[in-house]
1. Of the residues Val144, Val111, which is out of contact with any Lys or Arg (no Cβ under 7 Å at 6 or more places or on another chain), part of a strand (DSSP E or B) and aliphatic (A, V, I, L, M)?
2. List every residue pair whose Cβ atoms lie under 7 Å apart, where the two residues are 6 or more positions apart in sequence or sit on different chains, the first residue falls within the range 163-179 and is on the phi > 0 side of the Ramachandran plot, and the second residue, located anywhere, is among the hydrophobic types (A, V, I, L, M, F, W, C) and surrounded by 14 or more Cβ atoms within 10 Å (Cβ to Cβ).
3. Any chance you could count how many residues in the range 66-90 are in contact (Cβ under 8 Å) with a residue 12 or more places away in the chain and more than 28 Å from His50 (Cα to Cα)?
4. For the range 142-154, what are the residues that are surrounded by 15 or more Cβ atoms within 10 Å (Cβ to Cβ) and under 17 Å from the mean Cα position of the chain (by Cα)?
5. Among (1) loosely packed, with under 14 Cβ neighbours inside 10 Å; (2) closer than 30 Å to Gly134 by Cβ, where does Cys105 come up short?
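What follows draws every value from the coordinates through simple rules; no lab data is involved. Because the structure is a prediction, the values reported are computed rather than measured. A quick note on method: Cβ atoms are made from the backbone with ideal geometry, for glycine too, and the neighbour counts reach across all protein chains shown.
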Amino acid sequence: MRPGIHGIFVEWGDDTIDAGDKPTDAGNDTDKPTDADTEPTPCDNGTFDHDSNPETPCVPWTVCPLGSHVAASGTATTDRECATCEPGTFSTLDNQDTCSPWTLCEPGTHVSVPGTTTTDATCEACESGSYCEGGNAPVLDCAVLEGFDHDTDPATPCMPWTTCQNNEYVSVEPTPHEDRRCTPCPGQSTTLAPMPPCVHPTFRALPPPRREVPTPAVWTQTAGLIAGATTFGAKSRHLTQTSSLSLQAASAPVVWMKRARFIVGARTRTV
């Protein structure tokens with residue numbers, strides 16, 4: 001180093017660098033930005049600041065999956081909120097605003113595949129002989145309802161079977177597709193509702209006539225002359241029945257007892 005010259009000269013090849021003639025910027029921080037001059041950058045759409053720390057990256061909003069819907073939208077500082085679909089509704093896409101209601105089956109159709117929170121309900125046509133009200137109503141068999149499908153249209157209610165009246169019988173049994181047929185009982189046969197078979201009338205035979213053994217009857221024949229009587233001197237006969245037999249016994253042998261009494265004054269003579 002030379003006397004009176006301040007600085008260091010460095011020779012490097014053909015170039016000479018004077019390290020002491022030019023002031024350096026070492027230690028001078030006036031051009032660096034300070035924390036006071038730094039502003040946080042807002043989170044991009046679809047993300048939010050989960051911890052209020054600008055040094056950490058933003059976090060994506062929560063994804064509402066199938067079977068749910070967005071209950072509250074996310075912001076730069078709050079997350080998205082989700083809610084499960086209510087019964088009878090479903091969603092098939094992520095982040096749906098609302099859930100869709102299940103399909104309601106038309107009259108004459110029924111639910112063949114029930115809906116879920118992620119799938120819609122499936123409807124299918126009802127068969128003849130049944131009644132389908134539609135919507136979520138079940139299939140009703142006409143036979144269970146004691147009726148029949150009178151127009152082969154499951155969308156209309158079943159008609160009740162006919163009830164046979166007195167003196168009628170069931171000639172054709174009912175089915176889900178056909179009504180009961182009633183026919184009058186033949187001849188003098190009868191029946192009582194509800195619908196038993198016809199019954200022919202029965203007559204009770206009279207017992208044979210009773211034959212009684214003849215019983216002898218005793219009769220008394222009296223011929224007499226009674227003083228003071230109108231028939232005095234006449235041959236009057238007075239028949240007195242002495243037994244309590246019926247008239248049917250009149251043909252039985254009769255035992256006659258003849259007695260002639262002549263009454264004159266106080267004297268009586270029997271012949």
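1. Val111
2. Asn167/Cys185
3. So the first thing to find is which residues in the range 66-90 are in contact (Cβ under 8 Å) with a residue 12 or more places away in the chain, and the list is 66-71, 74-86, 88-90.
Then keep just the ones that are more than 28 Å from His50 (Cα to Cα); that gives 86, 88-90.
Final tally of qualifying residues: 4.
4. Passing the criteria: Cys142, Ala143, Leu145, Gly147, Phe148, Pro154.
5. (1)
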